[in-house]
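Q: Below: one structure in structure tokens.
The values are calculated or read from the model by the stated rules, or taken from the named source; none is laboratory data. Keep in mind it's a predicted model, so treat the numbers as computed, not measured. Here the Cβ positions follow ideal geometry from the backbone for every residue, glycine too, while neighbour counts run over all protein chains shown. Accessible surface areas use protein heavy atoms only, side chains included; no ligands, DNA or RNA. Shrake-Rupley method; radii C 1.70, N 1.55, O 1.52, S 1.80 Å.
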Amino acid sequence: MLLPQVEGSVLNVAKFDSILRLVAFSPFKSAQSALENVNAVSEGILHEDLKLLLETNMPTKKKKALLGVSDAKIGAAIQEELGYPCQTGGVVAEIMRGIRLHFHSLVKGLNAQSASKAQLGLGHSYSRAKVKFNVNRVDNMIIQSISLLDQLDKDINTFSMRVREWYGYHFPELIKIVSDNYTYCRMAKYIGNRKELNEEKLEGMEEILMDGGKAQAVLDASRSSMGMDISPIDLINIESFSNRVISLSEYRKELQEYLRSKMNQVAPSLSALIGEVVGARLISHAGSLTNLAKYPASTVQILGAEKALFRALKTRGNTPKYGLIFHSTFIGRAAAKNKGRISRYLANKCTIASRIDCFSEVPTSVFGDKLREQVEERLAFYETGEAPRKNIDVMKEALVEATEVAAEIKKKLAKRERKKTKQEKRKREALAAAALGDETIEEPAPKKAKKAIEVDDETEMEPKKKKRKHQVEEVEIEENGVSEVTETKKKKKKKKHQVEDEMGDDEIEEHGPTEMETVLAEQAQPEKKKKKKKVKQGHSTD
């Protein structure tokens, strides 16, 4: 009933105020709290803050009040938990649009600029939280890798056939001897003009073909070949194109290794159970590892055979027994009558493995190995009738092993983190020291003519210390706050005699001349000695 009136007054603040009154408003305590509330609303969960606001400000008689909610999920959650009748369509959408437009004028103390900044910050935080992922467990790279791997397979096949046709005009017998595309391209590049092929190139061909018999057969075929002659410019083009195919094949091998390592990080159990390539194809077809984990086993079984399924439903024929999991070795090894049963069992185990990989804190391949053993036992049961182990017993064993492996992995990760932290700390300290060294200029160290020397029983007299008698001892007096310098010549003499008594004759002979030179120097300079005796409190003069 109010929809036309609301639509007409949404853009005008005065008209909008006449049909709407602000009853209660609860600001978020912090940006973190706002993000939690927004995430709860987007997932259809009733947050405690919203629940408290509604319980505090809604009328006590719940049936008399009609609550307008913009999101149907959160409306259903409110109605289920609090019992308030909620409306989501019609006039509610227009009222919400008006509230968003004039929110800064409805709340006192809030201007449009502050509201815009708050909304922008919350929007960024919400988007960042939605796209946030763990670098080590990201499955987007797996999806791109397997797509590129499939594309490379097609391209390498097409290009190799082109090389075979192109070089086959010159040397048609090589196609029958060498069947592998990659090896054929290498041979075409190595041989070049078949007329120049001789015994000297036989060793190189053996290295490429890894077979002496085939290399000899190629040499014999080249001498009696029916192929046409080829010009040097054509040969250059064939060799260049062969180079490209060889480089693509080598890159494909590197990409497969990369895919294997990523699958062992992201989905180790699924990789151990069904293989890296088939597991990556399942993740790619599902869209992500989380989507694959949400699928039931019946969906995983026919994943990739959607066309056949809908065609069978349309024509009322037999539905497909397997999709992408047909590429697994288990189905190929099973008998024709057991292929459907083993595919159903394998799909069940794939679902379990994907859920373990998706939701475990530290993913390990222990569960995948145990599930693979179960599938092997089921295959043996279909063939020989030997009863397999119970699922609960196998899972108990796997849980014990997985706990131990996860503990070891956590220790390694913690150790690596500590090492990384230490390295970063050292780098920061080095940078700080470098910055400090640039700012401060080093001053030349003053000459210290007078030092305090303690002579212990274990110390030896060094010949370089000539001015030992001129050194004085500094004693700090806390009461006066000044340092008093006193002469310690008598103490030095006593200590000297003690040292000479303790030292042997050889040591006295060694150090004697040095002491004599010191005494002679003192006698030759009596004036300096007199000056040194003049000592004032807190100062020493040279």
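Q: Measure off 7 Å from each Cα along the Cα-to-Cβ vector at LYS314 and ASN157, then give the distance between these two points in nanometres to one decimal.
A: In this crude label model, LYS314 to ASN157 measures out at 2.5 nm.
Q: First check a/c for the range 4-133, with a ≥ b ≥ c the square roots of the eigenvalues of its C-alpha gyration tensor; if it is under 1.5, answer rounded, and if not, answer prolate when a/b is larger than b/c or oblate otherwise.
A: Taking the square roots of the gyration eigenvalues as a ≥ b ≥ c, the range 4-133 is oblate.
Q: Describe numerically, in nm with one decimal, the distance between label points set 7 Å from Cα along Cα→Cβ at ASP369 and at LYS176.
A: 5.0
Q: Going highest first, how would you order 149-157, 310-318 by mean Cβ packing within 10 Å?
A: Top to bottom by mean Cβ count within 10 Å: 149-157, 310-318.
Q: Taking a spot 7 Å from the Cα of LEU122 along the direction of its beta carbon, which residues of the range 76-96 have an amide N less than 19 Å from it?
A: What the label zone holds, given the 19 Å backbone N cut-off, is 78, 93-96.
Q: Where does each of 169-175, 222-228, 102-108 land if you order them by average Cβ count within 10 Å, highest first? Can you show the working numbers first?
A: Details: 169-175: 18.3, 222-228: 12.4, 102-108: 14.0.
Taking the mean over residues of other Cβ atoms within 10 Å, the ranking is 169-175, 102-108, 222-228.
Q: Between LYS29 and GLU397, what is the FRET efficiency for a Förster distance of 45 Å, r being their Cβ-Cβ separation, to the nearest 0.05?
A: The value I calculate is 0.40.
Q: Using a 1.4 Å probe over the heavy atoms of the protein chains, calculate the carbon and sulfur portion of the accessible area of the range 155-234 as a whole percent.
A: 52
Q: Which whole-number percent gives the relative contact order of the range 140-256, counting Cα pairs below 8 Å spaced six or more residues apart?
A: Taking the mean separation of contacting Cα pairs over the length of the range 140-256, I get 39 percent.
Q: Quick one: order LYS15, LYS214 from most to least accessible surface, probe 1.4 Å.
A: Sorted by accessible area, descending: LYS15, LYS214.
Q: Ignoring ligands, DNA and RNA, what percent of the accessible area of the range 4-133 is carbon or sulfur (1.4 Å)?
A: It is 57 percent, rounded to a whole number.
Q: For the cross-link pairs LYS201/LYS253; LYS337/LYS390; LYS29/LYS51; LYS294/LYS411; LYS29/LYS117, which exceed 22 Å when the distance is taken from alpha carbon to alpha carbon? Can you show the working numbers first?
A: On the way: LYS201/LYS253 27 Å; LYS337/LYS390 24 Å; LYS29/LYS51 15 Å; LYS294/LYS411 31 Å; LYS29/LYS117 16 Å.
Over 22 Å Cα-Cα: LYS201/LYS253; LYS337/LYS390; LYS294/LYS411.
Q: Sticking with this structure for a sec: So what does GLU424 come to for accessible area, using a 1.4 Å probe and Å² rounded to 10?
A: 80
Q: Heavy-atom accessible area per residue, the range 170-209, 1.4 Å probe: how many Å²?
A: Solvent-accessible surface per residue comes out at 51 Å².
Q: Would you check the accessible area of THR88, probe 1.4 Å, heavy atoms only, in square angstrom rounded to 10?
A: Rounded to the nearest 10, that gives 60 Å².
Q: I've got another one for you. What full-extension length gain, to one decimal in nm, is calculated for GLN79 and THR56 as 0.36 nm per residue of separation minus the Cα-Cα distance?
A: Taking 0.36 nm per residue and subtracting the Cα distance, the gain is 6.7 nm.
Q: Right, another one. Quick check: pseudo-label points 7 Å beyond the Cα along Cα→Cβ at LEU110 and PHE359, how many nm apart are they?
A: Here the answer is 3.8 nm between the modelled labels.
Q: Counting heavy atoms of the protein chains only and a 1.4 Å probe, report the per residue accessible area for the range 308-448 as a whole number of Å².
A: Using a 1.4 Å probe on heavy atoms only, each residue of the range 308-448 averages 73 Å².
Q: Something else: For GLY68, what residues show an amide H to amide H distance below 5 Å, using hydrogens built from the backbone and excluding near sequence neighbours?
A: Amide H neighbours of GLY68: GLN87.
Q: Compute the accessible area per residue over the range 4-133, keeping the other protein chains in place, probe 1.4 Å, unit Å².
A: Roughly 68 Å² per residue, with all protein chains present.
Q: Then there is this: What FRET efficiency comes out for LEU66 versus ILE45 if R0 is 25 angstrom and r is the Cβ-Cβ distance? Round to the nearest 0.05.
A: According to the calculation, E is roughly 0.65.
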